[in-house]
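The structure appears below as structure tokens.
The values are calculated or read from the model by the stated rules, or taken from the named source; none is laboratory data. Bear in mind the structure is a predicted one, so any value in this text is a computation, not a measurement. Reconstructed Cβ throughout: ideal geometry from the backbone, glycine too, with neighbour counts over all protein chains shown.
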Amino acid sequence: MRKKILAGLLLCGMLWSCGGGPAQEEAIDYSTLDEAELLAAASALSQRLIIVDGHMDLPFRMYNLGHTMEGEVYNFIERQESGNIDYVRAREGGLDAPFMAIYIPAGYQERGGAKDLADTLIMMMDRLVDTWPDKLARATSVADIRRNHEKGLLSLPLGIENAAAIEDDLSLVEYFFDKGVRYMTLTHGKDNLVGDSSYDDSETHGGLSDFGKEVVREMNRLGMIIDVSHITDKTFFDVAELSRAPIVATHSSARHFTPGFERNVSDEIIKKIAEKEGMVMITFGGSFLDENYSKQNSANRAHIQEWLKENNLAMRDEAAQAYIQTYMAENKPSVSVTKVVDHIDHVVKLVGIDYVGLGSDFDGVGDTLPEGLRTLPCIRIFWRSC
Ligand SMILES: [Zn+2]
């Protein structure tokens with residue numbers, strides 16, 4: 001339990017503002033420390049280590065807020081009341097390289113405009129870096145992240161979430177690689193031209209499509225990381241067989257704790273990822289961490305959908321928002337930061353510590369974050385399946 005508290009505090013220290021503490025250079029006997037000392041040790045560690053986060057949805061949140069390429073730049077540099085991340089909180093938590101998700105909602109696959117949206121989101125991230133070059137930096141390699149860390153700069157590496165961004169054009173993989181994108185999540189909420197999504201039961205291709213196979217080969221050729229979060233198990237094993245390079249789940253937790261939830265990775269998949277020298281980056285959304293949380297969350301959604309229908313209201317209506325707020329205050333499930341530690345421990349026990357990382361999905365899972373890893377609620381984002 002004590003170990004778990006330390007790990008929880010370390011996680012908190014790594015990603016959150018948990019107070020300061022001197023750099024710890026010597027081996028410490030953590031069992032002798034009280035909670036405040038553990039917190040200080042965790043905070044000091046987080047400042048010293050390079051911490052990468054596999055997935056954050058800041059770009060799309062900024063887009064939704066209307067901060068695109070026109071007008072005022074989103075004030076990422078000062079502490080914000082909303083959202084899960086800004087420069088101040090990242091620095092306080094010792095975060096060095098959060099991957100910015102260039103997220104393409106599945107709807108763009110049908111109505112078009114996926115590439116344009118990806119271009120816009122990438123330009124928005126470039127604009128942030130160009131506005132504050134003394135604080136932020138691009139990063140397209142491990143060396144970049146190390147160099148930026150030494151200079152005290154926060155790296156903003158890029159990953160595309162949903163290969164719909166390349167539409168049906170293989171050459172766009174290289175196009176986005178040249179723009180600095182270093183990983184691509186193959187699908188999102190629906191099957192796309194590349195393969196099948198775990199949130200979609202159509203099994204359009206029964207795994208990776210022929211086009212998807214070409215995409216995997218092209219990503220291998222360029223050195224773009226293949227992100228296996230969001231794909232079906234069948235698609236995963238097709239990718240694992242084909243890819244010559246390590247594969248990464250940038251924001252998935254262990255299915256061991258959420259049986260039947262294909263969006264999380266099974267023990268078999270975790271072992272395969274480790275065998276290929278990849279990584280499972282544990283994600284923090286409550287439904288990914290705990291089965292009971294997920295059940296309660298689904299029941300709440302169903303109830304609210306039903307209530308909206310009965311009252312002929314839409315989510316955005318004021319009366320609906322008021323009702324949801326009251327309802328959620330009474331029925332919202334909760335999960336602790338120690339659950340994140342359970343998931344980390346599970347992967348460590350299964351395959352070893354080299355194959356586990358963090359993929360928070362900050363700014364993407366709203367108020368479903370665990371106690372100890374949360375900020376202000378955002379009821380609207382609660383509905384997005386990340
Ligand atoms: Zn996602």
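A few points about this structure:
- Against the list (1) closer than 22 Å to G71 by Cα; (2) assigned to a helix (DSSP H, G or I), the condition P133 fails is (2).
- Residue match in the range 199-219 (condition: buried (at least 24 other Cβ atoms within 10 Å of the Cβ), farther than 26 Å from M125 by Cα and either in contact with a His (Cβ under 8 Å, 6 or more places away or on another chain) or modelled with pLDDT of 95 or more (or both)): yes
- Unique residue being within 16 Å of the ligand (Cβ to nearest atom) and over 17 Å from the mean Cα position of the chain (by Cα) when the list is A101, A114: A114
- Residue in the range 226-241 that is surrounded by fewer than 24 Cβ atoms within 10 Å (Cβ to Cβ), part of a loop (DSSP other than H, G, I, E, B) and either polar (S, T, N, Q) or out of contact with any Asp or Glu (no Cβ under 9 Å at 6 or more places or on another chain) (or both) present: no
- The selection criterion, being touching a strand residue (DSSP E or B) at 6+ places or on another chain (Cβ under 9 Å), crowded, with 19+ Cβ neighbours inside 10 Å and part of a loop (DSSP other than H, G, I, E, B), does not hold for L128.
- Here is the figure for the range 197-207: residues that are of a type in the set (G, A, S) and either within 15 Å of the ligand (Cβ to nearest atom) or more than 17 Å from D238 (Cβ to Cβ) (or both) total 2.
- Residue in the range 248-262 that is farthest from K339 (Cα to Cα), counting only those that are surrounded by fewer than 24 Cβ atoms within 10 Å (Cβ to Cβ) and within 16 Å of the ligand (Cβ to nearest atom): E262
- Looking across the range 175-196 at every residue that is among the polar types (S, T, N, Q) and touching a strand residue (DSSP E or B) at 6+ places or on another chain (Cβ under 8 Å), the one that is farthest from the ligand (Cβ to nearest atom) is identified as T187.
- Residue count, the range 158-172 (criterion: within 21 Å of the chain's Cα centre (by Cα) and away from the ligand (no atom under 16 Å from the Cβ)): 1
- Within the range 31-56, the residues that satisfy the criterion of being surrounded by fewer than 16 Cβ atoms within 10 Å (Cβ to Cβ) and in a helix (DSSP H, G or I) are S31, T32, E35, A36, E37, R48.
- Residue in the range 217-235 that is within 16 Å of the ligand (Cβ to nearest atom), acidic (D, E) and in contact with a helix residue (DSSP H, G or I) (Cβ under 7 Å, 6 or more places away or on another chain) present: no
Results for (1) within 24 Å of the chain's Cα centre (by Cα); (2) at pLDDT below 90; (3) closer than 16 Å to V265 by Cα; (4) not in a loop (DSSP other than H, G, I, E, B), shown as yes or no for each residue.
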site	(1), (2), (3), (4)
Y293	yes, no, no, yes
N297	yes, yes, no, yes
L308	no, no, no, yes
Y327	no, no, no, yes
K349	yes, no, yes, yes
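- Just one of (1) exposed (fewer than 12 other Cβ atoms within 10 Å of the Cβ); (2) among the hydrophobic types (A, V, I, L, M, F, W, C); (3) under 22 Å from F362 (Cα atoms) fails for F284. It is (1).
- Close Cβ contacts (under 6 Å, 6 or more residues apart or on different chains) running from residues in the range 222-243 that are charged (D, E, K, R) to residues that are surrounded by fewer than 24 Cβ atoms within 10 Å (Cβ to Cβ) and assigned to a strand (DSSP E or B) comprise D227/Y183.
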